[in-house]
Protein chains: 2
Amino acid sequence: MHNYPDILPPRGHAAKRQSIIDAAAAVFCREGFAGANIDLIAAEAGVSRQTVYNHHGDKDKLFNAVLREITERANARAFAILDTFPDQPVDLEADLVAFALRFNKNCIWCREGKSLRKLLLAEGERYPELFEVWRREGPGKIESALASRLARLAHAGYLDIDDPDIAARQFMALNNAELHLPSMFGKSLSEEETAAAARRAVRTFLRAFGRRVSRPAELPQEA
Amino acid sequence: MHNYPDILPPRGHAAKRQSIIDAAAAVFCREGFAGANIDLIAAEAGVSRQTVYNHHGDKDKLFNAVLREITERANARAFAILDTFPDQPVDLEADLVAFALRFNKNCIWCREGKSLRKLLLAEGERYPELFEVWRREGPGKIESALASRLARLAHAGYLDIDDPDIAARQFMALNNAELHLPSMFGKSLSEEETAAAARRAVRTFLRAFGRRVSRPAELPQEA
DNA sequence: GACGAATTAGACAAGGATGTCTAAAAAAAT
DNA sequence: ATTTTTTTAGACATCCTTGTCTAATTCGTC
């Protein structure tokens, strides 16, 4: 009787666990918590209802597991992308555009990111603790990490930034500017549109924070 | 039998209709469509369940009515605020900050705006047509109107803008940058925090789009 | 092949929600 | 004051969903 509860769910039934989580994420996201039907989740996962109950005891617990899992995955992705930030840019604008594009495609615009945002917004109040964790460990850390990168660029003379945290937040905001609306409903942007959005975001960001020859950036901004 | 179906719901039962819509909005927003309980809506509206069914036949129809009503109110508010845009600014930055602050407080940050965003995001896929209408008549028109105002400021020499539509969208995005996250769950910002957010947004916007050289001489605005 | 664990299909009770109906009460209009 | 309309409270049938239980079956492992 080797029931180490936290470690080995012994066999290839990890695959089932995974498919349950995935299906549950999809259904919860589509229908909301109350509207999600466990039979449907089971069917969509290719699993019997009883198995769902065996793996995660409760609808509530299942939702919890889903949120935890997606959050974790999304965070991992985001930090992986953040590690590709151009610390030593060759062409600052082009490198930032490429970075922004990577970030959008992998973190904001992807199915997981959208599901997570939607679930958190819709049901966040029901799980304030989970929500708080996400906010602290997710966006908070990410923005702070991005701020560090921006500060380094500024210190190296590429950017002119007062407060890196604000700059980071605004970088994200500009990036999202064109994606939020279409992302709400199914409408997906073409590769070209996404790239254009990133270009526009970075261009404005650099107009505001870049030390560029094309714009007189000598003027110190009065505090 | 004067039942002009569109005009006069004859008497002070318009008040009941209104309170039903309001309560329904609150409950739908809190619990989602599937989780919303008609008994609860009725109770919260101070009305019997039957009355709810009398006014709007169906849970679905009720939801529809709620969405339509909130959309309409939110749009009206937004356009009213837009009419206070500083077309002839005295102090450009201060005037833009004041405008941004008005917009945030009345359109984004207020209860109605938040409810609307949440409902649309959560249930938008169930009502693609309503959703599309909102997108076209709401944000689309608002951004376009703001773009016109910005273009006028640019033409008058206050701003340096290539594409007013993009500038408008980015103005909104910068404005939302700091509000979106806390707005998700109940956390409310203090007056001072909101003002600071607006100041930061406008400062960056002006760093990107402001004329660095000097204030323009007074210019007559042509209609 | 045989054993034990996991999975399955289906039945099942309990509870909750929707939407209808009815008769009584309240409000509005004449 | 009377008449008409709206509102109310509650009962009600129907359906759906959750979560449990059981017996049969599959799967992986020895």
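The values are calculated or read from the model by the stated rules, or taken from the named source; none is laboratory data. In this text, all values refer to a predicted model and were calculated from it rather than measured experimentally. Here Cβ is always computed from backbone atoms with ideal geometry, including for glycine, and neighbour counts include all displayed protein chains.
List of remarks:
- Cβ separations smaller than 9 Å between residues 6+ apart or across chains give the following pairs from region A:108-122 residues that are more than 13 Å from B:ARG30 (Cα to Cα) to residues that are part of a loop (DSSP other than H, G, I, E, B): A:ILE108/A:LEU179; A:TRP109/A:LEU179; A:TRP109/A:SER188; A:TRP109/A:LEU189.
- For region B:39-55, a residue qualifies if it is within 11 Å of DNA strand D (Cβ to nearest atom) and touching a helix residue (DSSP H, G or I) at 6+ places or on another chain (Cβ under 7 Å), and the qualifying residues are B:ASP39, B:ALA42, B:ALA45, B:GLY46, B:VAL47, B:SER48, B:ARG49, B:THR51, B:VAL52, B:HIS55.
- Residue check, A:ILE70 of a type in the set (A, V, I, L, M) and either without any contact (Cβ under 8 Å) to a residue 40 or more places away in the chain or surrounded by fewer than 18 Cβ atoms within 10 Å (Cβ to Cβ) (or both): no
- Helices (runs of 4 or more DSSP H) enclosed by region B:79-152 - at least 2 residues per element that are modelled with pLDDT under 90: B:111-123, B:128-135
- Selection status of B:LEU206, among the hydrophobic types (A, V, I, L, M, F, W, C), more than 18 Å from A:LEU206 (Cβ to Cβ) and modelled with pLDDT of 95 or more: no
- Any hit, region A:94-102, residues being among the aromatic types (Phe, Trp, Tyr), surrounded by 14 or more Cβ atoms within 10 Å (Cβ to Cβ) and in the same structural domain as A:TYR158 (by TED's automatic domain parsing): yes
- Check on B:ALA173, free of Cβ contacts under 8 Å to residues at least 12 places away in the same chain, over 30 Å from A:ALA34 (Cβ atoms) and in a helix (DSSP H, G or I): yes
- Selection status of A:LEU40, surrounded by fewer than 18 Cβ atoms within 10 Å (Cβ to Cβ), of a type in the set (A, V, I, L, M) and free of Cβ contacts under 8 Å to residues at least 60 places away in the same chain: yes
- Residues located in region B:139-192, provided they are of a type in the set (Phe, Trp, Tyr) and more than 13 Å from chain A (Cβ to nearest Cβ): B:TYR158
- Number of the exception - A:ASP165 against (1) of a type in the set (Asp, Glu); (2) at pLDDT 95 or above; (3) farther than 30 Å from A:LEU119 by Cα: (3)
- Test: residue in region A:59-67 that is near DNA strand D (Cβ under 8 Å from one of its atoms) and exposed (fewer than 14 other Cβ atoms within 10 Å of the Cβ): yes
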